[in-house]
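Okay, structure first, notes after.
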Amino acid sequence: MNINATLIGQLIAFAIFVAFCMKYVWPPIMQALEERKKKIADGLAAAERGRHEQELAEKRAQQVIHEAKDQASEIVSQAQRRGNEIVDEAKGTARTEGERILTSARAEIEQEANRARDELRAQVASVALAGAGKILSREIDDKAHTDLLDELVSQI
Amino acid sequence: MAEELTTSGYIKHHLQNLTFGPKHEELEPGVWAPTGDYGFAMSSGEAAQMGFWSINVDTMFMSILLGGLMMWFFRSVAKKISAGVPTNTQNFAEWIIEFIDDSVRGSFSGGKNTLVAPMALTIFVWIFLMNLMDLIPVDLIPLAVAHGASAIFGVDPHDVFFKIVPTTDPNATLGMALFVFLLMLYYSFKVKGVGGFIGELTLQPFGKWALPINFVLETVTLIAKPFSLALRLFGNMYAGEMVFILIATMYGAGLVLGSFAGLLQVGWAIFHILIITLQAFIFMVLTTVYMDMAHQEHH
């Protein structure tokens with residue numbers, strides 16, 4: 001417990017430790033701490049920004065969906081309209097075609113009928129002649145006809 | 001010159017530093033003469049005769065060992081430090097450093113000073129480690145050193161002193177306090193200028209007409225700062241050490257008292273953990289406050 005040169009030794013040792021700490025220990029650790037603080041702050045800011053961007057993106061997505069829906073309904077209605085048009089058109093053409101077919105069929109029928117009539121007419125004459133011939137052949141009574149013919153001949 | 005193994009001899013033995021200096025011999029009781037050689041003091045009387053130019057080897061060894069350990073630990077952290085995810089060791093070091101940084105920010109307002117915070121860290125950790133040696137059983141290391149020395153150098157183990165708690169040596173605490181005092185003077189002169197500092201010492205608290213009184217008062221105040229710093233730490237640690245030694249003397253007094261001493265030692269050690277930390281903290285905070293006062297232009 002005597003005061004001696006240990007005092008000076010301690011003073012010097014203390015000074016050296018303080019200097020060492022000041023030069024090689026404190027600055028790098030404090031710098032790392034500051035850096036980490038900054039990193040965390042940056043990270044938080046980035047997260048905030050990300051959230052904001054996500055919100056924007058969601059909004060935009062909603063908008064796009066809306067537009068797409070509108071467009072889709074427009075397309076559907078257009079298609080419906082076009083379908084109706086096509087059906088109408090088809091109906092029109094079908095009707096005219098039908099009429100055309102009908103008229104041509106009628107004309108053909110008429111023609112056919114005329115032809116049949118003509119043929120019939122021709123055949124009627126021959127049938128009549130044949131019938132007449134048959135009738136005539138059966139009706140011929142040589143005696144009477146001979147009388148008749150004789151009378152005719154006598155008149156000549 | 002082995003002292004007789006009595007209680008007071010035991011206590012005295014434990015309170016004696018391992019002192020290296022000019023050897024003296026006792027010609028007759030109370031009369032000492034230098035022998036002309038250098039060596040370790042073999043008794044506390046001889047250590048007292050060695051005068052100022054002797055050195056307490058145990059104090060120096062333990063304090064430099066602990067300081068080196070501390071610097072090695074923090075330097076190894078500082079070398080590998082990254083701003084990313086910290087390792088456990090790094091976390092621990094950062095926890096201490098942030099605690100110190102917070103306390104320094106709280107009590108030091110002297111603007112940018114790159115010395116105060118690292119010094120506060122050094123003071124806190126170093127004093128804490130030195131105080132912590134108090135919790136090692138009082139006889140363990142002294143006995144090991146004494147028997148080691150007697151085995152190697154052939155000296156009587158009773159003549160080998162070893163105090164493992166540097167802060168129970170007033171030289172250690174005064175040395176640190178003196179360094180703080182020198183820094184106080186340096187910053188006072190640097191920040192306030194010679195005139196400003198002298199003005200601070202002489203023109204208050206009673207104004208310029210009471211200049212001598214002011215000077216006496218302020219000088220005493222100024223000088224009291226390092227002494228109170230040193231003696232507070234020394235007193236606390238010395239008293240704590242003393243209690244441990246006294247408890248240790250009870251171990252030789254039979255089974256009942258011996259076991260009671262065991263209980264006491266555990267209790268005192270637990271309580272002492274608080275004192276150890278508190279004294280390190282107080283030394284650090286007061287140093288910071290003194291540095292702050294040295295930086296302030298006006299009171």
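The values are calculated or read from the model by the stated rules, or taken from the named source; none is laboratory data. Owing to the predicted nature of the structure, the values given are computational and were not obtained by experimental measurement. Glycine gets a Cβ as well: all are built from the backbone with ideal geometry, and neighbour counts include every protein chain shown. Accessible surface is based on the protein model in full, side chains and every heavy atom, while ligands, DNA and RNA are left aside. Shrake-Rupley method; radii C 1.70, N 1.55, O 1.52, S 1.80 Å.
Annotations for the structure displayed:
- In this structure, B:VAL116 qualifies as modelled with pLDDT of 90 or more and either under 23 Å from the mean Cα position of the chain (by Cα) or within 26 Å of B:GLN265 (Cβ to Cβ) (or both).
- Check on B:MET250, more than 14 Å from every other protein chain (Cβ to nearest Cβ) and within 30 Å of B:PHE128 (Cα to Cα): yes
- Unique residue being open to solvent by 60 Å² or more (accessible area, probe 1.4 Å) and within 30 Å of B:ALA41 (Cα to Cα) when the list is A:ILE75, A:ILE40, A:ILE65, A:ILE12: A:ILE12
- Residues that are facing chain B (nearest Cβ under 7 Å) and surrounded by fewer than 21 Cβ atoms within 10 Å (Cβ to Cβ), drawn from the stretch A:15-31: A:ALA15, A:PHE20, A:MET22, A:TYR24, A:PRO28
- Some residue of the stretch B:208-218 being within 15 Å of B:TYR290 (Cα to Cα), open to solvent by less than 80 Å² (accessible area, probe 1.4 Å) and in a helix (DSSP H, G or I): yes
- Hey, B:LEU135 within 14 Å of chain A (Cβ to nearest Cβ) and touching a residue at least 40 places away in the same chain (Cβ under 8 Å) or not: no
- Number of positions in the stretch B:250-295 that are among the polar types (S, T, N, Q) and either crowded, with 17+ Cβ neighbours inside 10 Å or not in a helix (DSSP H, G or I) (or both): 4
- Residue within the stretch B:197-211 that is closer than 29 Å to B:THR122 by Cα and basic (Lys, Arg) present: no
- Among the residues of the stretch B:105-126, the ones that are in contact (Cβ under 8 Å) with a residue 60 or more places away in the chain and more than 12 Å from chain A (Cβ to nearest Cβ) come to 5 in all.
- Helices (runs of 4 or more DSSP H) lying entirely in the stretch B:1-104 (those with 1 or more residues that are within 11 Å of chain A (Cβ to nearest Cβ), surrounded by 15 or more Cβ atoms within 10 Å (Cβ to Cβ) and more than 24 Å from the chain's Cα centre (by Cα)): B:57-80
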